[in-house]
Amino acid sequence: MILFVHMLLGALTGQKVSSPVLAIVLAFLSHYFLDFIPHAEYGVENIKEKQWAKARTEIFKVLLDFTFGILFIFLFSKNFPIIYICAFFAILPDGLTVLNSILPNKILKMHKNIHSEKIHFLKYKKISMFWRVSTQAVVVIICIYILSFPT
């Protein structure tokens, strides 16, 4: 799933859960929940392989994705610091996976294996791109709607 979607659900968690510690934990776990759902994502293989000359496009996509996440959170949320903290924790698992490629160690490798093989197992199933994109669109619409109408 792209960062934008993870960030929106993390922000929503930060806005709706009254306990900051619980909000951060739930935002972090929301990443795995979303990755369990069939979804589309862009490749970052050159980043993972440290092919920096070839990774410019991938780095641009990641930065653009992150920027859209911050922009939408700014536009549609209450903009409390906890909302941005939860958005960060919602994308942290992907950061840990990439970090394992750059600075490998046992704990990061274990996380990568669980994240990539166990959580993303539907990635290897034949599911049409329509459904992969639709799941993300539905999550985005729901998150923006709820963020926009705080109670």
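Values quoted throughout were computed directly from the atomic coordinates according to the rules given, and no laboratory measurement underlies them. Source: prediction; values computed, not measured. Counting neighbours? That spans all protein chains shown, and the Cβs are built from the backbone with ideal geometry, glycine included.
Summed over qualifying helices (DSSP H, 4 residues or more, each -39500 (n - 2.57)) and divided by its residue number, the chain shows a 222 nm mean residue ellipticity of -23000 deg cm²/dmol.
Full extension of the chain segment joining Leu103 with Phe68 gains 9.9 nm, where the gain is 0.36 nm per residue of separation less the Cα-Cα distance.
Our coupling estimate for the stretch 69-83, obtained by passing each phi through the Karplus curve with A = 6.51, B = -1.76, C = 1.60 and θ = phi - 60°, is x, 4, 4, 5, 4, 4, 6, 10, 10, 6, 6, 7, x, 4, 5 Hz, Gly and Pro reported as x. Pairwise Cα distances in the chain exceed 18 Å for 59 percent of all pairs. Among the trypsin sites (Lys or Arg not before Pro) within the stretch 113-151, those in coil by DSSP and having at most 13 neighbouring Cβ atoms inside 10 Å are Lys125, Lys126.
With Cα atoms defining each centre, the stretch 1-39 and the stretch 80-121 are spaced 13 Å apart in the structure. With springs connecting C-alpha atoms under 10 Å apart, model the chain as a Gaussian network and identify which of Tyr84, Tyr42, Tyr32 has the largest mean-square fluctuation. Largest GNM mean-square fluctuation: Tyr42.
Annotation: aspartates and glutamates with alpha-carbon distance below 19 angstrom to Lys106 (same-chain offsets under eight excluded): Glu49, Asp94, Glu117.
Legend: distances between Cα atoms for Lys50/Lys118; Lys48/Lys123; Lys61/Lys112; pairs beyond 23 Å are Lys50/Lys118.
For the pair Asn113 and Phe149, a Förster radius of 35 Å applied to the C-beta separation gives a FRET efficiency near 0.30, rounded to the nearest 0.05. Highest GNM mean-square fluctuation, the chain, Cα pairs closer than 10 Å: which of Ile85, Ile59, Ile119? Per the Cα network of the chain with a 10 Å cutoff, Ile59 tops the list.
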